[in-house]
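The values are calculated or read from the model by the stated rules, or taken from the named source; none is laboratory data. Everything numeric here is computed off the predicted structure, so don't read it as measured data. Every residue, glycine as well, gets a Cβ built from its backbone with ideal geometry; the counts of neighbours run over all protein chains shown. The accessibility values were calculated without ligands, DNA or RNA, using every heavy atom of the protein model including side chains. Shrake-Rupley method; radii C 1.70, N 1.55, O 1.52, S 1.80 Å.
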Amino acid sequence: MINLRFISASLILLGLIACDDKAARPAAGTQQDFAVNSVQSFQGIEQLKGKLLMNPNDFATLSALGDMYFESSQWVEAFQTYDKALAINPNCADCLNDRGLSLFYIGDPASALESFDKAIAIDSAFTHAWLSKGFVLISEGRYQEAVIPLNKVKEIDTSGVLALQADKFLAVVAENTLP
């Protein structure tokens, strides 16, 4: 049986990792922190949307807006914004990974896996996409299929935070595939 607390914690970690430029930020701990972060997210989103009015094809702004939507759990908006960014730069493995996670969170794991595979085809050393793929496969109960992408994370990121997360996911695989 999947440990739901582990999966919930992993969702949060993956969200932070997906927008890795902000992964070093400490997590909010109080309702006041949440309120402040919500207001800041809203203001940041509005500011980026205003910037896009001047140049709707600004890839960096679209990518940042997608990240803001993602961080504020606005999965549909994040997915749509990453699609716009990818229309400008279809070879952005990071956008494809974040798009895939957004798709997973809105309930489309098959399309999420396709997005991760595209990211991996563009950059086979992009550990975030390998980790995301392993996570989604585990979440779908496809434990044996998750082993290859998770081992790939460990191969690429031998002792980093992503390798540690891959180890945790592999423990979930082992727990759920014991006879």
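For the structure I just gave you, tell me whether Glu145 is in a helix (DSSP H, G or I), acidic (Asp, Glu) and touching a residue at least 40 places away in the same chain (Cβ under 8 Å). Against the criterion (in a helix (DSSP H, G or I), acidic (Asp, Glu) and touching a residue at least 40 places away in the same chain (Cβ under 8 Å)), Glu145 does not qualify.
None of Ile2, Ile45, Ile88, Ile12 is open to solvent by 40 Å² or more (accessible area, probe 1.4 Å) and either over 20 Å from Ala166 (Cα atoms) or modelled with pLDDT of 60 or more (or both) except Ile88.
When Asn176 is tested against (1) in contact (Cβ under 8 Å) with a residue 40 or more places away in the chain; (2) open to solvent by 70 Å² or more (accessible area, probe 1.4 Å); (3) over 19 Å from the mean Cα position of the chain (by Cα), exactly one condition is not met: (2). The single residue among Thr61, Thr30 that is open to solvent by less than 80 Å² (accessible area, probe 1.4 Å) and at pLDDT 80 or above turns out to be Thr61. Test Glu114 against the stated conditions and say whether it is of a type in the set (D, E, K, R) and modelled with pLDDT under 95. Against the criterion (of a type in the set (D, E, K, R) and modelled with pLDDT under 95), Glu114 does not qualify. Residues that are open to solvent by 10 Å² or more (accessible area, probe 1.4 Å) and touching a residue at least 40 places away in the same chain (Cβ under 8 Å) do not occur anywhere in region 152-160. The residues in region 121-142 that are open to solvent by 10 Å² or more (accessible area, probe 1.4 Å) and assigned to a helix (DSSP H, G or I) can be counted, and the count is 7.
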